[in-house]
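Participant: Can you read through this structure? Questions will come right after.
No lab work stands behind these numbers, since they all come straight from the coordinates. Given the structure is predicted, the values throughout are model-derived calculations rather than measurements. Quick reminder, even Gly has a Cβ in these numbers, built from the backbone with ideal geometry, and neighbours come from all protein chains shown.
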Amino acid sequence: MRSVTLAAMSEAHPLTPKEVAHVAKLARLAVPGDRVEALRGQLAGVLGHVAKLKAIDVEGVEPMTTPFDQSNRLDPDEPGTCLPIQELLKNAPAVEGRYLAVPKVLAEDAGG
C-alpha cells in the first residue's frame, strides 16, 4: 500500500478503499464497509483542499493565533475571604473526610 499523503493522491491515482479504511483505523473511527466508498470522495476532497493550502506562499507572513486584535484583561490577584471548610464540602459531589474526593485519572496498571 502506498502512503496516504498529499503527494501520493492525485486524479490519476485516487485513494483506494483500503487506504480509506487505513486512515479511518489511524483516526480510530469505526467505518462500516458500505460507507468506505462514500468517504473516499470526501477524504480526497479534504486532502485536495489541504494541498491547495500548502501551495500558498506564506513567506514573511507572521503566524497568529487569532485574526482579531485582542489582549487578556487580568484583574489584580487580591486575597479575599474563603468559605469555611464545612460550607465548601457541603457543595462537593463526593468527600473523603475533610478532602474533596476526585476520580483517579491514571490506571492502576499504567506501569510502562
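Participant: For segment 40-94, run through the trypsin sites (Lys or Arg not before Pro) and keep only the ones in DSSP coil with at most 10 other Cβ atoms within 10 Å of their Cβ.
Facilitator: Here the sparse-neighbourhood loop sites are R73.
Participant: Taking K18 as the anchor, which aspartates and glutamates have their alpha carbon closer than 13 Å to its alpha carbon, excluding any fewer than eight residues away along the same chain?
Facilitator: Output for K18: D34, E37.
Participant: Enumerate the amide H contacts of V95 below 5 Å, restricted to partners 5 or more residues apart or on another chain; note that Pro and chain-start residues carry no placed amide H.
Facilitator: Distant-sequence amide H within range of V95: A101.
Participant: For the peptides 43-51, 98-106, what is the packing order when you average, over each peptide's residues, the other Cβ atoms within 10 Å and list the highest mean first?
Facilitator: 43-51, 98-106
Participant: Rounded to the nearest 0.05, what FRET efficiency do Y99 and Q70 have when you use their Cβ-Cβ distance and R0 = 35 Å?
Facilitator: Given R0 = 35 Å and the Cβ-Cβ separation, E is 0.35.
Participant: Any idea how far the Cα center of segment 31-77 sits from the one of segment 84-103, in Å?
Facilitator: Taking the Cα centre of segment 84-103 as reference, the centre of segment 31-77 is 42 Å away.
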